[in-house]
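A short reminder: the numbers here are calculations on the coordinates, not readings from a lab. Predicted, not measured: the structure shown is a model, and the values here were computed from it. Note that each Cβ is placed from the backbone with ideal geometry, even for glycine, and that neighbours are counted across all protein chains shown.
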Amino acid sequence: MATQSPTTLARTERARTLAARYPHAKEALDFYAHLIGFPGMREDLLRIIARYGPQLLRESARAEREPAVSFIERVLERQQPPVREAPHSNRCPSCGQKPQCAVLRPEGHGAAYHLMCNLCLTEWRYPRAQCPCCGAEGELAFYQLDLFPHIQIQTCDACQRYLHVVDTSKDPEACPDVDEIAALPLDVWAIDQGYEKITPNLIGI
Ligand SMILES: [Zn+2]
Ligand SMILES: [Zn+2]
């Protein structure tokens, strides 16, 4: 069954909290805080990019080229996510996107494994032992840093992809799409090991 992630307000507050806690991710989280629930028009978004965006995005937005063009399209698309058939259980049941990250939510005496869509924030159940990208079983490995006790990197050696797993039983305040951005050092580790993310997040990591 699909469920919805925390509210816009909770996610914005979480972005501010994590920006204060993790200096390495402050710039990205401050920027993301402005994008959460962004209700405006293209012109407003251009102003946010000009003021808070990373250098690459600022420059490419001014020149109206990539990666800013796709970025703007994606933020605006978030306001009205498309309705598309999911070709497989590893795609969002609402809009057909690949998963952004995985979420463990307390259920009974354990935790239920969900995948989360970054476009419409739908969460849906998925078999924990299977790779969310290629479906292989028995190829998954996990890596963690002390800095993020509630987040693991899950890698698959069959397809060489990875994603973050956010465990909300270890941090009930966690908002998966926000915490995933704060956990940038885990991305650095995974990419260094030769893995590629299943889907880059909104700010392109
Ligand atoms: Zn979706
Ligand atoms: Zn795989």
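Values for this structure:
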{"read-out": "Positive-end residue, the range 1-131 charge dipole about Cα centroid, Cβ charges, pick of TYR126, LEU9, ALA20", "value": "ALA20"}
{"read-out": "The chain pair-distance distribution - Cα-Cα, 10 Å bins, rounded %", "value": "9, 35, 38, 16, 2, 0"}
{"read-out": "Protection proxy ranking of 28-37, 57-66 - average other beta-carbon atoms within 10 Å, highest first", "value": "28-37, 57-66"}
{"read-out": "Charge dipole magnitude, Cβ of K and R +1, D and E -1 - the range 49-205, Cα centre, debye nearest 20", "value": "440"}
{"read-out": "Farthest toward positive dipole pole in the range 7-79 [+1 Lys/Arg, -1 Asp/Glu at C-beta], among ALA63, MET41, LEU29", "value": "LEU29"}
{"read-out": "√(5λ) per eigenvalue of the Cα gyration tensor, the range 7-79, largest first, Å", "value": "21, 15, 8"}
{"read-out": "Kirkwood Rh (inverse of mean 1/r, distinct Cα pairs), the range 101-197, angstrom", "value": "13.5"}
